[in-house]
Amino acid sequence: MKLGELTPPAVDDSLPVGPEDVVRAVLAFQQGVDRERNFELLFRRFHRRIERFLAARVFSCEERLDLTQAIFLRIYQGLKGYRGEGSLEGWVLQIAVNVYRKWRDRQPGGRQAVPEIPFEDPSVVPEPQAADPFPSPSATGSPLDRVVRQERLDALRQAIGELAPKQRLCMELHVYQERSVQEIATALRISPETVKAHLFQARQRLRDKVHATFGTIDFGTG
Amino acid sequence: MDERPSDFRDTLLELIESSPAPADHPSPDRWLAYQRGELAADEEAQLQEHLARCRDCFDLAAAAASFAEREAEPGAGGDVETAALWRLLRPQLGARDNVRAISAGPRRQSWRFRLPSYLAASFFVALMGMTAWNLHTRQPLPNAPIFDIYSGDRDPNRREWTMPAGPRMLVFHAEEELPVYRLVIRDAAAGRELYSYELRPNQDRAMTLYLPAGLPPGRYRMEIADGSGGRAGRVLATHRVRVAEPGRGD
């Protein structure tokens, strides 16, 4: 397609904006042809996706509105330099995530202060504790205690390694990245119930395996 | 012997962190394809393994889910919302650096906005400096000789005051009740005006003046005049003054 043949598409609010319309609009924008009009097409194409992205992460309506504007202004500023190496949608996605991350990191407490809005009842599945306020008694015990503890950790390590991949993955995301069940479900493209089931089964299997060797064990994970 | 939650977590962290760190991060397009279910099973599993170890990619993958969601048919309310947001956004498109104003912290203003503040600050510093200098010059100097001069002495040949070089304080005692006086120091030989000071009497009708320390040795004529109107008027008293060389005072 030659750029010279392009004509800026007319914006009709009632019609959905397709990917081809947006590509034409971006090319025209880069040529300096009626930038505002062409950018409006891009805006109409992506603004719902960006709102969906922010809706699950930013509680305040005003801040969501500010962030939506900030993302589109960033897109507007960068659009001239967009070289089309990836898809336009991927480029917009990356900008949205970057602007959101900057905002999130400025919140008091950083990432931990802005959890994704949970959709499930957190009391159904008790979550593993992120940190123990009391040190493990075995951690500061006698040499014998330390040896026993080491053996137990080895067994735990082996048991974790033997979990089914999805169970281990859910456990890792839940404990290591401290992600909520809903976040894990979104990222792994499974339902929150499935995530809960994986977590439950992982705990059961670990408990059974390590219990057979060492007796009663409390993982603090329900 | 009970296992603690922290032991479990530590072991898990150790397991994850001992595994090799992810080298290549999948592109946004790959995460979009992943969320749309367009990848093969093994590739999908690879990306999921990557998620467990990369927080940044987790954010991107979760965001891709919002983008990959099937678009619902927009209702009338959605159109109104879109149009309202566009009206908000549109005027900002031409402005420069407006993104930073929203997404970043407080930004530095341009020099045009900062100039008045800088000028005010400079003026304030200059004013304080001048005030300090003025206070310093008016401050009574320790051991500076004091000369009392009485008004009404109009005889220029009657007496010549001899003063040592350096700072000295003159106290004029006025007989008249004028609100303001003016002291003019002239070169005795040529009559050329060298210095002129406005003096205001205190409640005892005394006026204090510190003569400039740089007044060179020589002969001078001091005229005390009516200072009304901001300039020397009728001369009330004249005194002859000799500034002696240092160490050669009378």
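The values are calculated or read from the model by the stated rules, or taken from the named source; none is laboratory data. A quick note: this is a predicted structure, and the numbers were derived from the prediction, not measured. Here Cβ is always computed from backbone atoms with ideal geometry, including for glycine, and neighbour counts include all displayed protein chains.
What the table below lists for this structure:
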{"read-out": "Pick from the stretch A:21-49, criterion outside any helix (DSSP H, G or I) and not hydrophobic (A, V, I, L, M, F, W, C), ranking: surrounded by the fewest Cβ atoms within 10 Å (Cβ to Cβ)", "value": "A:GLY32"}
{"read-out": "Residues (more than 7 Å from chain B (Cβ to nearest Cβ) and either part of a helix (DSSP H, G or I) or at pLDDT 90 or above (or both)) located in the stretch A:68-90", "value": "A:ILE71, A:ILE75, A:GLY78, A:LEU79, A:LYS80, A:GLY81, A:LEU88"}
{"read-out": "Count of residues meeting criterion [buried (at least 18 other Cβ atoms within 10 Å of the Cβ) and under 16 Å from B:TRP161 (Cα atoms)] in the stretch B:173-185", "value": "3"}
{"read-out": "Inter-residue pairs, beta-carbon under 6 Å, first within 20 Å of B:THR162 (Cα to Cα) and assigned by TED's automatic domain parsing to the domain that holds B:LEU170 and in the stretch B:198-219, second modelled with pLDDT of 75 or more and loosely packed, with under 14 Cβ neighbours inside 10 Å, 6+ apart", "value": "B:PRO217/B:GLU245"}
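Every residue, every condition in (1) at pLDDT 90 or above; (2) surrounded by 14 or more Cβ atoms within 10 Å (Cβ to Cβ), yes or no:
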site	(1), (2)
B:SER19	no, no
B:PRO22	no, yes
B:ARG30	yes, yes
B:ALA33	yes, yes
